[in-house]
Amino acid sequence: MDSGIKVRLVNYTRKPLETVTWAALISYWDGWETEAFDRMEEKDVEMHLPRVLGYGHESILEHATLTLAIEGCSRVCSHQLVRHRLASYTQQSQRYIKLNLNDVEETFLIPKGVKERPELYEKWKKLMQDAIELYEESYKAGVHQEDARFILPQAVRTKIVVTMNLRELKHFLGLRACERAQWEIREVAWKMLEEIAKNGELRPIIKWAKLGPRCIQLGYCPEGGLMPSGCWKRTRERWKALADPKPKV
């Protein structure tokens, strides 16, 4: 089932990996200077950055940030997202924006397992439709949208912009790309990773910094027996396809 959630990488630090590498060099290169940044080349990044990250020196990742736009997720998902506090967020306002609520499936995100159960889905759809009608009725009666929104279920779709540095993004992906994470925030996490993988400037950092679920970062599954069968293999294959994509023939 297509959830309709969209994630797009809209901006990031100029020369991100060069910036991180240049910052790393200050700690152990006596010849470091401000002007060295302008001389940074891809070979310098490849020579130094994987090694420094391999030592576990990850504070340097904080010098590069990414801005991503997320559209179509529910408020359930966005509430999980904003719990990651070392980031900046701007979300669609239900106070200032009068939501245009039309079709139930366009307005609300359907929970997993509901649509597959016809009797449950019909009840869910009726509840959502009633919420739409009461929201509209309240607004037309003069209730401001900032108060009419009290009626809306958490399933209502939203839009949110997030800016994270690479270190916080690694922390976020470690928790939320895991198969034990709630399905919607997990989908957002993997779509973020896919956006990074599509960008030639950023893709190497997936492998070097092990951006992904914690089993990728640690080399083993910390959830142990709580994980579903075959999860470790599935996750590794999915991650490798992004971190080291096969060249197109």
Residue that is surrounded by the most Cβ atoms within 10 Å (Cβ to Cβ) [pool: residues in the stretch 189-237 that are basic (K, R) and more than 28 Å from T19 (Cβ to Cβ)]: R236
Residue selected from the stretch 156-170 under the condition among the basic types (K, R) and farther than 30 Å from K98 by Cα, by the criterion farthest from the chain's Cα centre (by Cα): R167
The stretch 170-183, subset among the aliphatic types (A, V, I, L, M) and outside any loop (DSSP other than H, G, I, E, B), residue nearest to L17 (Cα to Cα): L173
Qualifying positions in the stretch 2-24 - crowded, with 20+ Cβ neighbours inside 10 Å and hydrophobic (A, V, I, L, M, F, W, C): V7, L17, V20, W22, A24
Verdict on N100 being assigned to a loop (DSSP other than H, G, I, E, B), open to solvent by 50 Å² or more (accessible area, probe 1.4 Å) and over 28 Å from G225 (Cα atoms): yes
Matching entry among S3, S27 (being at pLDDT below 95, part of a loop (DSSP other than H, G, I, E, B), under 17 Å from M192 (Cβ atoms) and not acidic (D, E)): S3
Long-range neighbours under 7 Å by Cβ, at least six apart or interchain, first residue touching a residue at least 60 places away in the same chain (Cβ under 8 Å) within the stretch 11-36, second surrounded by 20 or more Cβ atoms within 10 Å (Cβ to Cβ) and in a helix (DSSP H, G or I): L17/V45; L17/L49; L17/I205; V20/L49; V20/I60; V20/L61
Condition met for K115 (at pLDDT below 95, open to solvent by 80 Å² or more (accessible area, probe 1.4 Å) and not acidic (D, E)): yes
Selected residue (only one of R167, R186 is part of a helix (DSSP H, G or I), open to solvent by less than 80 Å² (accessible area, probe 1.4 Å), among the basic types (K, R) and modelled with pLDDT of 95 or more): R186
E62 being among the acidic types (D, E), surrounded by fewer than 18 Cβ atoms within 10 Å (Cβ to Cβ), modelled with pLDDT of 95 or more and assigned to a helix (DSSP H, G or I): yes
Answer from Q182, Q154 - the residue that is closer than 21 Å to S229 by Cα and not hydroxyl-bearing (S, T, Y): Q182
Meets criteria (more than 24 Å from H63 (Cβ to Cβ), without any contact (Cβ under 8 Å) to a residue 40 or more places away in the chain and either surrounded by 15 or more Cβ atoms within 10 Å (Cβ to Cβ) or hydroxyl-bearing (S, T, Y) (or both)) for A181: yes
Condition check for K240: assigned to a helix (DSSP H, G or I) and either open to solvent by 20 Å² or more (accessible area, probe 1.4 Å) or closer than 28 Å to E71 by Cβ (or both): yes
Selection count where residues are assigned to a helix (DSSP H, G or I) and of a type in the set (D, E), scope the stretch 31-59: 5
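The values are calculated or read from the model by the stated rules, or taken from the named source; none is laboratory data. Keep in mind the model is a prediction, meaning the values are calculated, not measured. All Cβ positions, even for glycine, are placed from backbone atoms using ideal geometry, and neighbour counts span all protein chains on display. For accessibility, only protein heavy atoms count, side chains too; no ligands or nucleic acids. Shrake-Rupley method; radii C 1.70, N 1.55, O 1.52, S 1.80 Å.
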